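> Quick one: the structure is below, and I'll ask about it shortly.
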Amino acid sequence: MNFIDSWIAAKQAADGVAPTAIASDAEFLRRITLDLTGQIPDTATVKAFLADTSATKRQTKIDELLASDAFVDRWTMWFGDLVQNVQVSNNARETYQGRNAYYLWIRESIRANKPYDAMVRELLAGRGDSFTSGAANYVVRQLQNNGPLQDTFDNLAAHSAEKFLGIPLLCLSCHNGAGHLELVNLYLRGKSRNDFWRMAAFFSHTAARPTRVPDPNNPNNMLVKFDVNLNAAGRYRLNTTDGNKTPRQPPAGGSDVATPAFILTGEEPRANEEYRDAYGRMLTADRQFARATVNYLWKEMFGLGLVEPVNAFDLVKLTNQPSHPELLEALADDFIAKHYDLRALLRTIALSSTYQLSARYTPGGWQEAWVSDYARRYPHRLPAETLLDAIAKATSVPVQINANGLGVVTRAMLLPDPLEGRRGVYGRFLDAFGRGDRDDAARTNDSSISQSLALLNDTIVTTRVRRDGNTTVAKVLAASNDPGTIADELFLATLSRKPDEAERQTSIDYLRAGTLGERAEDLQFALLNSLEFLFN
């Protein structure tokens, strides 16, 4: 137990909700492996963990996963989603080379356990050649190619506030909060377009100069790279009548230049401090940065944020918008005290009894109103890439997808953006399971009929359960013709647990009732199509 459990228990007691029992070792192992690495555990790992009798084996496993390459893969994907790193969007073109530089920068930052505040400051101040300087692509991704420079500055201000502060500022770029946001966000109701313009002015010294260069993969194709640097003469002028925003005009008797000021505090840059450096310093030093980050990560681990939606904090409602206000503040305190260490925060969450509760609610009848009490694990569907990798791992047949400029990857979690492989069979499968496009189609864990049909009919599944080649079914049949052993091994490989007595007997009866090889294929096919496999 840790401080998380104290605050959760207090809320449960106040609501009259009893927590369920702690998850079994098998349930815990599958969950923590999926949440921290985006992978299911292999059979050998499950057997070893179940056989381990040490009192600290869960803590040991958590630490092992946090130190793994698979952890880096999974959280590189998460951050890539957060900042929407993608080679092509409706408004911007990183191209695959810029996308790759950005991806590799994210990956190395996660691998090195770079403090999260330092990581964000580097992004906000990123400079250099977009094909070689990964952080420079934060600016490139938000370039607006069909409007004045101020539109790009607005994009950068709104995006950074949403992703790193959890505050939806975009509507302020077109109109004052008063008269528009009373029913949406009381804090932003008190903010004006001028407040937003001053926030966007932190980016007014930013220049992104394009250069056309040959594509090394196709000399007949020209790509555009950007030199992201300083333009000390740049200003955020209130003089536009075109582009993607309503006209920008100075207040009566006021200047036609908006000067930088942080919207949460009114703080301005220090003397001789470059604007974007100042902005990164202010943003990451503000407590809301810690709140937003711990809320994003809490949702990744539980499927539900303490504040929902995670990008819609109302700072006037910090005592009643979060489901657990005191816990949110305690997590922010801990994150700050541990120097914005992502692994340390995830470890704290994973070690809590709250996180380790079973998905089965045993004290009595379950009520949906109790979801935010965290009295049991609330299952959610596996993300697209995780599901595809789980199918590949369960069946021992890896995927192969070409990632432009990075070569062939053998796990979907290694894809640098969701546009890779889109026209192939794997791309169609990933799209069906809601990977989104990091632009105007958000990632979703919703379920659909098309997903059920894909699991039932797609060759991604049907060819991988065959008893020929190097599949799991083939290996299991080669090792034993005992129906009980075959059932045990297929359950372990697919659901990361042994079958219970009833499941085992049903499986044995089925395997004995026909051709063993065909029936073994059927058994794994059924397990891959079970809700238990599809959900975490």
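> Taking all protein chains in place and a 1.4 Å probe, what share, in percent, of the accessible surface of region 1-79 do carbon and sulfur account for?
59
> What order do 11, 47 take when sorted by accessible area (1.4 Å probe), most exposed first?
47, 11
> Report in % the part of the accessible area of region 98-206 that belongs to carbon and sulfur, leaving out ligands and nucleic acids; probe 1.4 Å.
54
> Under 1.5 on a/c is rounded, so check that first for region 304-373, then, if it is not, pick prolate when a/b is larger than b/c and oblate when it is not; a ≥ b ≥ c are the square roots of the alpha carbon gyration tensor eigenvalues. Show your work: numbers first, answer last.
Details: a/c = 2.61, a/b = 1.26, b/c = 2.07.
Oblate is the answer for region 304-373, as a/c is 1.5 or above yet b/c matches or exceeds a/b.
> Please get the size of the charge dipole for the chain, origin at its Cα centre, with Cβ charges of +1 on Lys and Arg and -1 on Asp and Glu, quoted in debye to the nearest 20.
Working: 59 positive and 64 negative charges, 157 e Å.
In debye, rounded to 20, the chain gives about 760.
> In addition: Place a +1 charge on the Cβ of each Lys and Arg in region 51-145 and a -1 charge on the Cβ of each Asp and Glu, then give the dipole magnitude about the Cα centre in debye, rounded to the nearest 20.
So the magnitude is around 120 debye.
> Which angle between 0 and 90 degrees, to the nearest 10, do you get for helix 3-15 versus the longest principal axis of the chain when only C-alpha atoms count?
80
> Under a straight-distance cross-link criterion of Cα-Cα below 20 Å, which lysines are reachable from residue 61, leaving out those fewer than 8 residues away in the same chain?
Once the sequence-local lysines are set aside, what remains near residue 61 is 47, 393, 498.
> Between region 146-199 and region 462-517, what is the C-alpha centre distance in whole Å?
The two parts, judged by their Cα centres, are 56 Å apart.
> If you find the alpha carbon centre of region 225-247 and of region 109-126, how far apart are they in angstrom?
After rounding, the separation between the Cα centres reads 26 Å.
> Give the angle, between 0 and 90 degrees and rounded to the nearest 10, that separates the Cα long axis of helix 342-351 from the longest principal axis of the Cα atoms of the chain.
Once rounded, one gets 40 degrees.
> Here's a follow-up. How much accessible area per residue does the chain have, counting only protein heavy atoms and a probe of 1.4 Å, in square angstrom?
Working: 21850 Å² over 536 residues.
For the chain, the per-residue accessible area is 41 Å².
> Moving on. Nearest 10 degrees is fine. How inclined is helix 25-37 to the longest principal axis of the chain, computing both from alpha carbons?
30
> So, one more: Using a 1.4 angstrom probe on the protein heavy atoms only, line up 300, 268, 501 by accessible area, largest first. The partial results should precede the final answer.
Values: 300 55, 268 95, 501 165 Å².
Descending accessible area places them as 501, 268, 300.
> Would you mind putting 343-353, 199-209 in packing order, based on average other-beta-carbon counts within 10 Å, highest first?
So the peptides 343-353, 199-209, ranked by packing, come out 199-209, 343-353.
> May I pose another question? Compute the distribution of all C-alpha to C-alpha distances in the chain, in bins of 10 Å from 0, and list the percent of pairs in each, rounded to whole numbers.
3, 17, 25, 25, 17, 9, 3, 1, 0
> For the pair residue 10 and residue 211, what calculated FRET efficiency results from E = 1/(1 + (r/R0)^6), where r is the Cβ-Cβ distance and R0 = 41 Å, to the nearest 0.05?
My answer for the efficiency is 0.10.
> Which one of 252, 478, 84 is farthest out on the positive end of the charge dipole of the chain, using unit charges on Cβ (Lys, Arg +1; Asp, Glu -1) and the Cα centre as origin?
Selected residue: 252.
> To the nearest Å, what is the center-to-center distance of region 281-340 and region 373-419, using C-alpha atoms only?
Computed from Cα coordinates, the inter-centre distance equals 27 Å.
> For residue 273 and residue 450, FRET efficiency with R0 = 41 Å and r from the beta-carbon atoms, rounded to 0.05?
Working: r = 52 Å, r/R0 = 1.27.
E(calc), rounded to 0.05, equals 0.20.
> Going by a ≥ b ≥ c, the root eigenvalues of the Cα gyration tensor, does region 365-404 fall in the rounded group (a/c under 1.5), the prolate group (a/b larger than b/c) or the oblate group? Don't skip to the answer; put the middle values down first.
Values: a/c = 5.92, a/b = 2.88, b/c = 2.06.
It is prolate, given that a/c is not under 1.5 and a/b is the larger ratio.
> While we're looking at this one, here's another question. For residue 431, tell me the accessible area in Å² from a 1.4 Å probe, rounded to the nearest 10.
50
> Still on this model: From the residues 387, 361, 418, which one has its Cα farthest along the dipole of region 354-422 in the positive direction, the dipole being from +1 and -1 charges on Cβ of Lys/Arg and Asp/Glu about the Cα centre?
It is 361, whose Cα lies furthest towards the positive end.
> Please list, or write none, the lysines whose alpha carbon is within less than 16 Å of the alpha carbon of residue 114, excluding same-chain residues fewer than 8 places away.
The qualifying lysines are 338.
The values are calculated or read from the model by the stated rules, or taken from the named source; none is laboratory data. Keep in mind that this is a model prediction, so the values were computed, not measured. Positions of Cβ are generated from backbone atoms using ideal geometry, with glycine treated the same way; all protein chains shown enter the neighbour counts. Please note that ligands, DNA and RNA were not included when accessible areas were found on the heavy atoms of the full protein model with its side chains. Shrake-Rupley method; radii C 1.70, N 1.55, O 1.52, S 1.80 Å.
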